[in-house]
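I have placed the structure first, in the form of structure tokens, so that the comments after it can refer back to it.
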Amino acid sequence: MKKLFKALGIVLLVLILAVVGLFGYLTLTEYKPAAVEDLAIDQNRTAPLDKQTFTVLSWNVGYCALGEESDFFMDGGKEVRPPHKAIVDKNFGNILTELKAIGADFTFLQEVDSGSTRSYGMDQVAQLREELGQASAYALNFCTDFVPYPVPPIGRVRSGLLTLSTCQIAQAQRLSLPCPFSWPVSTANLKRCMLVSRIPLADQQRELVLVNFHLEAYDDGEGKIAQTRQLLSLLEEEYGKGNYVLAGGDWNQIFPLTEDAWPNTHKDLWTPGVLREDELAEGWRFYWDDSVPTCRLLNQPYDPADTENTQYYVIDGFLASPNLTVEACDTLDEGFRFSDHNPVLIRLTMGE
């Protein structure tokens, strides 16, 4: 018995040392970006935006691993990643085809991996840049050598926001958003941000300021609220300078009244926050299209015929400054084949 207890004690000690060592390593290597960071601009252009009406596409591509075949453990499913790299390759190829076909002037992408275990090490940023040949900036919002949760663990993650432009980007910056998580959860968690791109305009001193973002998902709600307020503050500041301002992305919050169109019948699983128009400054408006859902719950592989267990949301869309006129805002129905989100396309005209 003494030998058994001794052996068990040694095993327990080894486990404790391993856990302490892991969290020590994650603490020492934790990604701690500055409040403001200048970003490199790849394949930049020299021509400013030279037209009054332009289009912007926003799409959370789910690191090309959350298509129709997939579920996700945080949403009530089981998967950490697809069982085969071929699924990621298939989703990436189809997303790329759709981006080329849509041909937006500017594209906001969220959850784009640049070397993560969950997407089999694919550098999606480099491939998108090569295939699309547009000016672009990339901002990390998830960067850790190892996420130890669940079993099997998520592992290494390099992921973020990618903004693409068919004209010049004068400046691109990563602006940190408040993080609602404390140690030790923060060591291997997302560090949300805004990717702010400044687009020069032909024959104007003003700029078009584009803000790409992906707000908090799995928090208690306070993180989303704090991040939204910081976003609104930035937008109002830029509009106060006389600029045209557009923000778009994955809010992880439903737009006003959209729960009437797509009611949440699975509140025991993931529940989004709710955006409030009464918190907007005068003249500002949210823009969304609830004729088609923009997101599905990943509690199971996609089965539109299973109306009992399939949950939809409208959490992707835009916020435009008063000097921009929105001509159209449409959710493009991709049928959740390649991502758990549908893309949203907006067309705007700059006023006086």
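The values are calculated or read from the model by the stated rules, or taken from the named source; none is laboratory data. Computed from a prediction, not measured in an experiment: that's the story for all the values here. Note: ideal-geometry Cβ built from the backbone for every residue, glycine included; neighbour counts use all protein chains shown. SASA here: full protein model, heavy atoms, side chains in, ligands and nucleic acids out. Shrake-Rupley method; radii C 1.70, N 1.55, O 1.52, S 1.80 Å.
If the condition is being surrounded by fewer than 16 Cβ atoms within 10 Å (Cβ to Cβ) and farther than 20 Å from PRO184 by Cβ, then segment 153-170 contributes only ALA170.
Residues that are modelled with pLDDT of 65 or more and assigned to a helix (DSSP H, G or I) within segment 21-48 comprise GLY21, PHE23, GLY24, TYR25, LEU26, THR27, LEU28, listed in sequence order. Go through segment 112-137 and give me each residue that's open to solvent by 40 Å² or more (accessible area, probe 1.4 Å) and outside any helix (DSSP H, G or I). Passing the criteria: TYR120, GLY121, ASP123. Residues that are among the small types (Gly, Ala, Ser) and part of a helix (DSSP H, G or I) within segment 68-111 comprise ALA86, GLY93, ALA101, listed in sequence order.
What are the pairs with Cβ atoms under 7 angstrom where one residue, in segment 233-250, is of a type outside the set (Lys, Arg) and the other, located anywhere, is open to solvent by 10 Å² or more (accessible area, probe 1.4 Å) and part of a helix (DSSP H, G or I)? Sequence gap at least six, or different chains. Correct list of pairs: VAL245/TYR239. The residue that is nearest to GLY223 (Cα to Cα), counting only those in segment 177-191 that are open to solvent by less than 30 Å² (accessible area, probe 1.4 Å) and touching a residue at least 60 places away in the same chain (Cβ under 8 Å), is LYS191. In the set (1) assigned to a loop (DSSP other than H, G, I, E, B); (2) more than 14 Å from the chain's Cα centre (by Cα); (3) crowded, with 23+ Cβ neighbours inside 10 Å, the condition left unmet by LEU208 is number (1).
Yes or no, residue by residue, for (1) of a type in the set (A, V, I, L, M, F, W, C); (2) free of Cβ contacts under 8 Å to residues at least 60 places away in the same chain; (3) within 24 Å of GLY155 (Cα to Cα):
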{"site": "ASN44", "(1), (2), (3)": "no, no, no"}
{"site": "LYS51", "(1), (2), (3)": "no, yes, no"}
{"site": "LEU66", "(1), (2), (3)": "yes, no, yes"}
{"site": "SER70", "(1), (2), (3)": "no, no, yes"}
{"site": "VAL80", "(1), (2), (3)": "yes, no, yes"}
{"site": "PRO83", "(1), (2), (3)": "no, yes, yes"}
{"site": "ALA86", "(1), (2), (3)": "yes, yes, yes"}
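Would you confirm whether or not segment 192-204 contains a residue that is open to solvent by less than 40 Å² (accessible area, probe 1.4 Å) and charged (D, E, K, R)? Checked against the condition, which is being open to solvent by less than 40 Å² (accessible area, probe 1.4 Å) and charged (D, E, K, R), segment 192-204 yields at least one hit. Of the residues making up segment 141-152, just one is surrounded by fewer than 20 Cβ atoms within 10 Å (Cβ to Cβ) and either charged (D, E, K, R) or closer than 29 Å to PHE106 by Cβ (or both), namely ASP145.
State whether the residues of segment 338-352 include one that is within 21 Å of the chain's Cα centre (by Cα), among the hydrophobic types (A, V, I, L, M, F, W, C) and within 21 Å of GLU216 (Cα to Cα).
Yes, the conditions are met somewhere in segment 338-352.
Do we have ASP123 as without any contact (Cβ under 8 Å) to a residue 12 or more places away in the chain, acidic (Asp, Glu) and in contact with a Ser or Thr (Cβ under 8 Å, 6 or more places away or on another chain) here? Working first, answer last.
Working: without any contact (Cβ under 8 Å) to a residue 12 or more places away in the chain: yes; acidic (Asp, Glu): yes; in contact with a Ser or Thr (Cβ under 8 Å, 6 or more places away or on another chain): yes.
Yes; evaluated as a whole, the condition is true for this residue.
Scanning segment 272-287 for residues that are over 14 Å from ILE225 (Cα atoms) and either out of contact with any helix residue (DSSP H, G or I) (no Cβ under 7 Å at 6 or more places or on another chain) or among the polar types (S, T, N, Q) (or both) yields GLU282, GLY283, TRP284, ARG285, TYR287. Within segment 212-262, the only residue that satisfies the criterion of being in contact with a Gly (Cβ under 6 Å, 6 or more places away or on another chain) and farther than 23 Å from VAL344 by Cα is GLY221. Taken over segment 188-211, the residue count meeting the criterion of being farther than 13 Å from VAL245 by Cα and not hydrophobic (A, V, I, L, M, F, W, C) is 6.
Each residue in segment 282-325 was checked for being in contact with a Lys or Arg (Cβ under 8 Å, 6 or more places away or on another chain), open to solvent by 10 Å² or more (accessible area, probe 1.4 Å) and aromatic (Phe, Trp, Tyr), and 2 pass.
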